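The values are calculated or read from the model by the stated rules, or taken from the named source; none is laboratory data. Remember, predicted model here, so these are calculated numbers, not experimental data. Quick reminder, even Gly has a Cβ in these numbers, built from the backbone with ideal geometry, and neighbours come from all protein chains shown. We work out accessible area using only protein heavy atoms, side chains counted, and drop any ligands, DNA or RNA first. Shrake-Rupley method; radii C 1.70, N 1.55, O 1.52, S 1.80 Å.
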Amino acid sequence: DTACKNRPLDLVFIVDSSRSVRPEEFEKVKIFLSEMIDTLDVGERTTRVAVMNYASTVKVEFPLRTYFDKASMKEAVSRIEPLSAGTMTGLAIQTAMDEVFTEEMGTRPASFNIPKVVIVVTDGRPQDQVEDVAASARTAGIEIYAVGVDRADMQSLRIMASEPLDEHIFYVETYGVIEKLTSRFRETFCAVNVCALGSHGCQQVCVTNGASYLCDCYEGYTLNPDKRTCSAVDTCAPGRHECDQICVSNNGSYVCDCYEGYTLNPDRKTCSAMDMCAPGRHDCAQVCLSNDGSYSCGCYAGYTLNPDKKTCSAADVCAPGRHDCEQVCVRDHLFYTCDCHQGYTLNPDKKTCSRAITSSLVTTEESCKCEAIVALQDSVTSRLEALSTK
């Protein structure tokens, strides 16, 4: 089937029949119009077609309300005669707005969301101010296609056509090959489904369903009872997410996060305990003790943890219960040595003490000295006695 089945239009052809268009060339234009009608899904509820003929004046050959079957339209096209003077393209577009795109002449109400489309076919340069008129038509929601033939002024085509220009401007070298454009327009009108027209009313997603459509929503949203608008679902509700620890709702979607002391794994879902004792992660003065995503502080031997639970102070190693000296503990910074009270000596274990032993016995040396003195005294005494006798 070569007809469009999925895009109803209110379509108006505006054809140039000025003096520059020779009669045989105008016949080619009429063939082009007939073949275009053949490609369309023509009908009162589908695509309605109007044809306008212009030169210095403008003639509405038939409006949108006149024919709803292809045979009648083609018959009317075959009877069109050229007007043969001037090229008042701006006037033709203005007439389309004033006299054709009205509900009285067959244009469907705006609430129907039927696209309004104009196809202008010309081989010359407009002899009036077409720029402002074309801009007004586009502002009014009319989509304009400009078809240039042979000597057509390309700048004028650009001024008339809707954006994007590369999709709304067509050019052929002669009227003899204008029929080539039939397939181009068929692709333009038929390839676009109902959802691409922008008239479907779906807030988020439009799904083509044959000649009709259905509305749907993005992930994280649910379709409201009106079957057109969407509301964000609570993506962090139980069973809706895959986060290991924390789910953070994010505009219809979600992201995962972790408790303090844990870091998000590369899968962006699960969490692993951080090494809280890694350099720069803790504020312990001496020792950091990791504890399943958290940490506590400790101190080296000889130090005690201060009340702030972070810093350490040197311990009093000689405090009761901290040393094993029997009598005297002597502190040496973080260490200690043992000593004894007067009259005691430190035992070899360097911890206990024994009472000192004081001996009254004379040593051998002292004994020898005494014997010598005694002998000397005896010798002196004997000599004194001998002298006394004499």
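Summary table below
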| read-out | value |
| --- | --- |
| Carbon plus sulfur fraction of accessible area for the stretch 320-359, probe 1.4 Å, in percent | 51 percent |
| Over the stretch 275-315, relative contact order from alpha-carbon pairs under 8 Å, at least 6 apart, % | 31 percent |
| Cα Rg, Dmax (largest Cα-Cα span) when computed across the stretch 320-359, Å | 11.1, 40 |
| Accessible area of the stretch 4-190 belonging to carbon and sulfur atoms, whole % at 1.4 Å probe | 48 percent |
| Close Lys-Lys pairs in the stretch 1-98, where close means Cα under 18 Å and separation is 8 or more or interchain | 6 |
| Total charge dipole magnitude, the chain, about the Cα centre, Cβ charges on Lys, Arg, Asp, Glu only, Debye to nearest 20 | 260 debye |
| Global geometry of the stretch 71-179, whether rounded, prolate or oblate, following the gyration tensor of its Cα atoms and the 1.5 cut on a/c | oblate |
| Furthest towards positive pole of dipole, TYR300, PHE13, MET73, structure part the chain, Cβ charges | TYR300 |
| Solvent-accessible area, 1.4 Å probe, carbon plus sulfur percent, for the stretch 275-315 | 49 percent |
| At least 30 Å along the helix axis (C-alpha) and Kyte average at least 1.0, DSSP helices within the chain | none |
| Rounded, prolate or oblate (a/c below 1.5 giving rounded, otherwise prolate when a/b exceeds b/c) for the stretch 275-315 by Cα gyration tensor | prolate |
| Cα gyration tensor shape of the stretch 1-125, rounded if a/c is under 1.5, else prolate or oblate by comparing a/b with b/c | oblate |
| Per residue accessible area in Å² of the chain, where ligands, DNA and RNA are left out and the probe is 1.4 Å | 58 Å² |
| Test item: Cα-centred dipole of the stretch 4-190, Lys/Arg +1 and Asp/Glu -1 on Cβ, debye | 320 debye |
| Of [x] 21.8, 67; [y] 25.5, 101; [z] 55.8, 200, the label for Rg and Dmax of the Cα atoms in Å derived from the coordinates | [z] |
| Loop-located trypsin sites (Lys or Arg not before Pro) in the stretch 50-112 whose Cβ has at most 12 other Cβ within 10 Å (DSSP) | ARG79 |
